[in-house]
1. Hey, can you tell me all the residues within the range 275-303 that are in a helix (DSSP H, G or I), within 16 Å of Pro242 (Cα to Cα) and aliphatic (A, V, I, L, M)?
2. Would it be correct to say that Phe289 is within 18 Å of Arg164 (Cα to Cα) and at pLDDT 90 or above?
3. Which one of the conditions (1) buried (at least 17 other Cβ atoms within 10 Å of the Cβ); (2) of a type outside the set (Gly, Ala, Ser); (3) farther than 30 Å from Asp115 by Cα does Phe40 fail to meet, given that it meets all the rest?
4. Which condition does Lys260 not pass, out of (1) of a type in the set (D, E, K, R); (2) open to solvent by 80 Å² or more (accessible area, probe 1.4 Å); (3) within 19 Å of Phe289 (Cα to Cα); (4) modelled with pLDDT of 90 or more, if it passes all the others?
5. Kindly establish whether Glu276 is farther than 29 Å from Ile84 by Cα and either surrounded by fewer than 16 Cβ atoms within 10 Å (Cβ to Cβ) or modelled with pLDDT of 90 or more (or both).
6. Among all residue pairs at least 6 apart or on different chains, which show Cβ distances below 6 Å where the first residue, located in the range 314-332, is hydroxyl-bearing (Ser, Thr, Tyr) and the second is surrounded by 13 or more Cβ atoms within 10 Å (Cβ to Cβ) and not in a loop (DSSP other than H, G, I, E, B)?
7. Looking only at the range 333-347, count every residue that is more than 18 Å from Pro317 (Cβ to Cβ), open to solvent by 30 Å² or more (accessible area, probe 1.4 Å) and in contact (Cβ under 8 Å) with a residue 24 or more places away in the chain and tell me the total.
8. All but one of (1) open to solvent by less than 30 Å² (accessible area, probe 1.4 Å); (2) at pLDDT below 85; (3) over 24 Å from Ser3 (Cα atoms) hold for Leu73, so report the exception by its number.
Amino acid sequence: MISQITDILHLFCLSNLIFIIGLLGWRYLYDFRIRIAGGFSFGIICYIILSLDPDLKIPYFIRIFLFAGLISLPFFFWMISLAIFEDHFEIKFWYWLLLLGKVGVSALSVYPVLDLINMRGPIVSETVLAHIIIPTLLSLGFVVAAIIRIYSGRKDDLIEARRRLREVHILMTGSVITFNMFSHLILRGKVLSEILDLANVVFAWGLILAFMYLVFELKEGLVDPRPEESEGQEEKAVYADPVLKKKLVSAFEETKLYKKEGLTIGQLAEDLEVQEYKLRRLINQAMGFRNFPDFLNRYRIQEACEILLDSGKDEIPIIRVAMDLGYQSLGPFNRAFKELTGVTPTEFRRNRGRDESLKSTADFEIS
């Protein structure tokens, strides 16, 4: 009876996933994050199909293909986590090398017992258990790395909908994948095997339903509008508390509070004696910044440009400029400077007399 219910819920999961992929592919395929989500969803579909085959009736070459999708699932979980929650995320070539390495190592480990691995029921063979330990630990590493990145970026995120999505993503997606892996690796071979199968599919279905809700209700920060649609839309008028905005601008432009090393939005809220959520809303909705570091960098890099354009301050080393502006090391300063100006601080200082456009580059507009 429990096994039949588990099969039915697996079919529900499969149909819901196909619906999500079809909907997002039709409406948002232009967004690279949706394409990454497609890889993540494909991995889940592979897992569901393998779980619906307890008697191992699927042809061997198809099982190879499905296991390849399953093995890639934690990688795409890590990728989609970075793509959704990091504003300046770019897909790097070494990411795909990481995927190939993960799939290659896991395949070498699993291949000798591929025809013995059953996603349902107890693992009765110690040989099979020994062969799946390495792929499971590698998968767990990707999940833990994703959760750490999501959690560490929460404090700087200014988009409220995306901050809530972080919590759901960490608590639900990470927990479901981790529980699933441990139930296969450790808790198998016991009387509770069928109950664990049912628990896994219930959690997975709950995750899929939650994701469907988020797609429809919390699209801000998850999917960008089409470029042609965003150009034709009028900007919405956003109310900005004039007293709070004046206090913030004064703290940055007159007191230069942005120079404070390690400044967080929580500390800034304390200094301004204002509730943190109000400050987040002001910087995000009224001033147009999606995360707090971008807001800080605009002020810090603008002053850095003014220093580097002044020939009378050539004796000040680049690292001293960075430290005086609140950066804890040279690397983050160089990355932020190049992102906003297109050149490194050294190139900016060297070319200031030859390139008049650098003067206009240094003049950032802050609402």
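The values are calculated or read from the model by the stated rules, or taken from the named source; none is laboratory data. Keep in mind the model is a prediction, meaning the values are calculated, not measured. Cβ atoms come from the backbone with ideal geometry, glycine included; neighbour counts cover every protein chain shown. To get the accessible areas, we keep the full protein, side chains included, count just its heavy atoms, and leave off ligands, DNA and RNA. Shrake-Rupley method; radii C 1.70, N 1.55, O 1.52, S 1.80 Å.
1. Those that are in a helix (DSSP H, G or I), within 16 Å of Pro242 (Cα to Cα) and aliphatic (A, V, I, L, M): Leu279, Leu282, Ile283, Ala286.
2. It is true that Phe289 is within 18 Å of Arg164 (Cα to Cα) and at pLDDT 90 or above.
3. Phe40 satisfies all of (1) buried (at least 17 other Cβ atoms within 10 Å of the Cβ); (2) of a type outside the set (Gly, Ala, Ser); (3) farther than 30 Å from Asp115 by Cα except (3).
4. All conditions are met except number (3).
5. On the way: farther than 29 Å from Ile84 by Cα: no; either surrounded by fewer than 16 Cβ atoms within 10 Å (Cβ to Cβ) or modelled with pLDDT of 90 or more (or both): yes.
So Glu276 fails the test.
6. Pairs that qualify, where the first residue is hydroxyl-bearing (Ser, Thr, Tyr) and the partner is surrounded by 13 or more Cβ atoms within 10 Å (Cβ to Cβ) and not in a loop (DSSP other than H, G, I, E, B), are Tyr327/Phe333.
7. Residues flagged as more than 18 Å from Pro317 (Cβ to Cβ), open to solvent by 30 Å² or more (accessible area, probe 1.4 Å) and in contact (Cβ under 8 Å) with a residue 24 or more places away in the chain within the range 333-347 amount to 2.
8. Against the list (1) open to solvent by less than 30 Å² (accessible area, probe 1.4 Å); (2) at pLDDT below 85; (3) over 24 Å from Ser3 (Cα atoms), Leu73 comes up short only on (2).
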